[in-house]
Amino acid sequence: MELTKVKFTNLSKELFPGITKAKVIEYYIKVAPKMLPYLRKRAVVMHRFPDGIAGKSFFEKDAPSHTPSWVKTFRRYSKHAKRYVNYIVGDDLDTLLWMANLASLEINVTLSRMDDFEKPDIVLIDIDPAQGSGFAEAREVALFINDRLRELGLRSYVKTSGKRGLHVLIPIVREYSFKDTRAFVRELGRFVAKLRKEVKIDYAQNAVGKTMAAPYSLRPLEGAPVSTPLAWEELEKGLSPAELNINTIPERGDPWCGFFEPQRLEVRYGA
Amino acid sequence: MELSAKPPKRAIWSGSIAVGLVNVPVKLYPMIREKVFSFRMLHRRDNAPIKFKRVCSKCGEEVPLEEIVKGYEVRKGEYVVFEEEELEAIKPASSKKIALEKFVDLASVDPIYFHTSYILTPDKSEEAYALLLYTLQRTGKAGAGRLTLRSKEYPVLVHPYRGALIATTLHYPHEVVSPQDMEELQGIKEPPEEELELAATIVDALSGEFDLASYRDTYVERLQELINKKLAGEVVVVEEAEKEEVKSLMEALRKTVEELKAKQE
């Protein structure tokens, strides 16, 4: 039996310092069982680094012309790009490995699924430590946000951005618009600003066709860090995001229990 | 003049020249070796060679060979379809014989018809070959016949040249355009006598031996130089996927595929 439809090429090419493409593909093979559920039915945007992280990179929103026929795609009008975009659907192992073979180190996904593209099923709270602050401040803000969300009766999930930031995700039923989720996050951001001015909450990512680094996506930095799903307890105890990387993540279990049970937002929001 | 193209390694045809009841077994080698550089198309990103696929222009799908037939375009977009067997049936029988029907003066054949030349070498029997070669040399004649190469039949002249028998194929008259059919050449008049005389003195002054060696293919030379430079410096190496790496990937893949399957069940 054929294990994959993908023909791997240029395997010895160095994509991160000391890390070959073979290693990158091996990483995505190993994390696929954990990662694929978070890609399924979502539009995937590749961030390709054909010459490694030191070279030029480009985002590929459209399925390229050489896309094999077995890769699922769907067409949607993008208001942002003012044209139709032929999105790649992150649906299966072959698609993931095809992207990895194209040196798409980073794999980004939308916050909605293709069968109801205008309706988000994830609220993204993107915690971005700016102005000399770092992971420690981001962590403090994330824990603060989790407390507020708990008060509202909402389960939320946290992952490292892979850089210095953190992403907090709230899985929701597909009954709200992106305008609603944007407003929700903006409101949260106001709370946070009172606590720590230097940490920014980017709410604008909650929009049709916008993406975030997928859970378990590599990030284009030295050491190949991973945008890693965490248990809240892990974050409370403290950790170093650089240790969550291409070498350490394949062996970890997935801590995001219950992520696929969506929640209602409005009952609690503002209550 | 020095002829210096590299001798070919392989004969492209073997058979015999028949003169009456005498057979001269020969092998046929290409004599004209045009210097061309061919480039392969590579993907800029990873230097892997570009492959072509046979794709249907209508449905966009790749078409396997067994689903391909030949069509002759009668009018734009209209084809008469042929099966391979139909075409095979009318091809000239690949004859293993060049029958020399007539002997002629080579100089009497208009060089415009010369297509290309092949070197004939003796195949086992040198005596028969030598007899034909020396006879043609002594009589100054060329034998005329037919040669079938790659399912096309050509008129051919067998003639001696620098101690060898050469087969020179010819174009058919219907393959050559008559200059008189060119409209621009209709009604060209003879210039006045005094102009002609003056021009002829200039030509006389510039007359000399034709020296082909003084002509060079400068593009090919520059290209060769460029290739040499690249070879000395950086060569573009096409990497084959290393077997070891692929093996370990397949091992990891097997585990993942099993795990995904188990999850589905």
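What the table shows:
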| read-out | value |
| --- | --- |
| Estimated distance in nm for a label pair at B:Glu86 and B:Phe52, the labels positioned 7 Å out from Cα along Cα-to-Cβ | 2.4 nm |
| Pairwise centroid distance, computed over Cα atoms, of region B:124-200 with region B:35-112, Å | 27 Å |
| Relative contact order computed over region B:156-261 (Cα-Cα under 8 Å; 6+ residues apart), in percent | 9 percent |
| Binned Cα-Cα distance frequencies in region B:1-81 - 10 Å width, integer % | 12, 18, 19, 28, 18, 5, 0 |
| Sequence ranges A:40-46, B:191-197, A:193-199, ranked by mean other-Cβ count within 10 angstrom, highest first | A:40-46, A:193-199, B:191-197 |
| Förster-model FRET efficiency, 60 Å R0, B:Glu225 and A:Ala183, C-beta, rounded to 0.05 | 0.30 |
| Other protein chain Cβ atoms within 10 Å, averaged over every residue that makes up B:246-258 | 6 |
| Partners for A:Lys21 among lysines (Cα-Cα distance below 20 Å; same-chain residues under 8 apart left out) | A:Lys5, A:Lys7, A:Lys13, A:Lys30, A:Lys56, B:Lys243, B:Lys247, B:Lys255 |
| Kirkwood hydrodynamic radius (C-alpha pairs) into Stokes-Einstein, the protein assembly as shown, 4 °C and 1.567 mPa s, D in µm²/s | 42 µm²/s |
| Per-bin percent of Cα-Cα distances, region A:100-142 [5 Å] | 5, 17, 13, 12, 18, 19, 12, 4, 0 |
| Cβ neighbours within 10 Å from other chains - mean over B:43-54 | 2 |
| Relative counts (whole %) of C-alpha pair distances in region B:95-147, using bins that are 5 Å wide | 4, 15, 22, 32, 18, 7, 2 |
| Radius, Kirkwood style, for region A:148-271 when every pair of distinct Cα atoms is counted (Å) | 15.8 Å |
| Sorted peptide list for B:49-61, B:31-43, B:150-162, criterion being average Cβ within 10 angstrom, highest first | B:150-162, B:31-43, B:49-61 |
| Approximate shape of region A:1-59 as ellipsoid semi-axes (Cα gyration tensor, √5λ), whole Å, largest first | 21, 16, 11 |
| Candidate lysines for bridging to B:Lys6, where Cα separation is under 24 Å - those fewer than 8 sequence places away on the same chain excluded | B:Lys27, B:Lys35, B:Lys124, B:Lys229, B:Lys230 |
| For residues of A:33-42, the mean tally of beta carbons on other chains within 10 Å | 1 |
| Residue of B:Lys243, B:Lys102, B:Lys230 that the Gaussian network model of chain B assigns the largest fluctuation, springs spanning Cα pairs under 10 Å | B:Lys243 |
| Region A:86-205: C-alpha gyration tensor shape, a/c 1.5 cut-off, then a/b vs b/c | oblate |
| C-alpha center-to-center spacing [region A:1-63, region A:129-159] in angstrom | 30 Å |
| Evaluated over chain A, the Cα radius of gyration and Dmax, each in Å | 18.2, 59 |
| For region A:108-171: rounded, prolate or oblate by the Cα gyration tensor [a/c cutoff 1.5] | oblate |
| Equivalent-ellipsoid semi-axes of region A:59-99, from the Cα gyration tensor, Å, largest first | 20, 9, 9 |
| Hits among lysines - C-alpha to C-alpha of A:Lys197 under 28 Å, sequence gap 8 or more where chains match | A:Lys159, A:Lys163, A:Lys179, A:Lys210, A:Lys237 |
| Where N is the number of residues in region B:125-221, Cα Rg divided by 2.2 N^0.38 Å | 1.72 |
| Region B:55-94: mean projected area of Cα convex hull, nm² | 3.9 nm² |
| Extension reserve of the B:Glu66-B:Glu126 stretch, reckoned as 0.36 nm per residue once the Cα distance is removed | 17.0 nm |
| Average projected area [Cα convex hull, region A:53-156], square nanometres | 10.0 nm² |
| Over chain B: Kirkwood hydrodynamic radius from C-alpha pairwise inverse distances, Å | 25.9 Å |
| Ranked by how many other beta carbons lie within 10 Å on average, peptides B:69-82, A:209-222 from highest | A:209-222, B:69-82 |
| Residue (of A:Asn146, A:Leu124, A:Ala214) at the positive-pole extreme of region A:99-231, dipole from beta-carbon charges | A:Asn146 |
| Virtual spin-label span in nm between B:Ala11 and A:Asn247, 7 Å along Cα→Cβ | 6.6 nm |
| Globularity index of region B:45-114, i.e. its alpha-carbon radius of gyration over 2.2 N^0.38 Å | 1.98 |
| Degrees separating the helix A:178-195 axis from the principal Cα axis of chain A, which is the longest one | 60 degrees |
| Centroid-to-centroid separation of region A:174-216 and region A:73-114 [C-alpha atoms, Å] | 21 Å |
| Chain B: relative contact order as a whole-number percent, Cα under 8 Å and 6+ apart | 17 percent |
| Inter-site label distance for A:Arg190 and A:Phe74 at 7 Å from Cα along Cβ, in nm | 3.4 nm |
| Mean projected area (nm²) of the alpha-carbon convex hull when region A:19-108 is viewed from all directions | 6.1 nm² |
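Laboratory data are not the source of any read-out in this text; all were calculated from the coordinates shown. Given the structure is predicted, the values throughout are model-derived calculations rather than measurements. Please note: Cβ atoms are built from the backbone with ideal geometry, for glycine as well, and neighbour counts cover all protein chains shown.
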